[in-house]
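The values are calculated or read from the model by the stated rules, or taken from the named source; none is laboratory data. In this text the structure is predicted, and so the values were computed from the model without any measurement. Quick reminder, even Gly has a Cβ in these numbers, built from the backbone with ideal geometry, and neighbours come from all protein chains shown.
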Amino acid sequence: MAVGEVREWYEAAVEDLREAVFLIDNGWYPDACFHAQQAAEKALKAFLRASGIVARTHRLSQLARAAEHHGLDLSGIREEELELLTEQYMAPRYPNFRQERGLSLADYTEEFARRCLSLAKDILRERGLL
């Protein structure tokens, strides 16, 4: 992969992380959770692209396992946490997806948004982005 392309993925991940922080600070918790998920996904995809792999999934557990296979240490992040963050790709934006998961917009509290942000930061920290 071209270095510039990998850099763009990393920069997009960092920008999504900044957006998540901004949204939490302004009380937009569902959108913050979405951007936290995007930050984690883009950081993992950047790592994989740097390893010559183009991943076409939003499932963070799959991306994380592939990244671990290529040397990224994510051993401190549990599968359940990755699945929780993966859900934020759809749940904040689609009422039917939330309903299927037993969630409502009221579940998107500051505490929950900060939990999603913390998970994303953990993934980016492993990549040396924070």
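Structure notes:
- Subset of the stretch 48-63 [in a helix (DSSP H, G or I) and of a type in the set (S, T, N, Q)]: S61, Q62
- Evaluating R101 against the criteria (1) surrounded by fewer than 18 Cβ atoms within 10 Å (Cβ to Cβ); (2) modelled with pLDDT of 95 or more leaves one unmet condition, (2).
- Checked against (1) in a helix (DSSP H, G or I); (2) modelled with pLDDT of 95 or more; (3) surrounded by fewer than 18 Cβ atoms within 10 Å (Cβ to Cβ); (4) not acidic (D, E), G27 meets all criteria but (1).
- Candidates are the residues of the stretch 104-113 that are at pLDDT 95 or above and of a type in the set (S, T, Y); the one that is farthest from the chain's Cα centre (by Cα) is T109.
Per-residue answers, yes or no, for (1) in contact with a Lys or Arg (Cβ under 9 Å, 6 or more places away or on another chain); (2) over 23 Å from L105 (Cβ atoms); (3) surrounded by fewer than 17 Cβ atoms within 10 Å (Cβ to Cβ); (4) at pLDDT below 95:
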site	(1), (2), (3), (4)
G4	no, yes, yes, yes
Y10	yes, yes, no, yes
E19	no, no, no, no
A32	yes, no, no, no
H35	yes, no, no, no
A39	yes, no, no, no
F47	yes, yes, no, yes
V54	yes, yes, yes, yes
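- Restricting the stretch 62-81 to residues that are farther than 23 Å from G52 by Cα and surrounded by 14 or more Cβ atoms within 10 Å (Cβ to Cβ), the residue that is modelled with the highest pLDDT: E81
- Which listed residue, of A120, A20, A66, is without any contact (Cβ under 8 Å) to a residue 24 or more places away in the chain, part of a helix (DSSP H, G or I), closer than 23 Å to V6 by Cα and not aromatic (F, W, Y): A66
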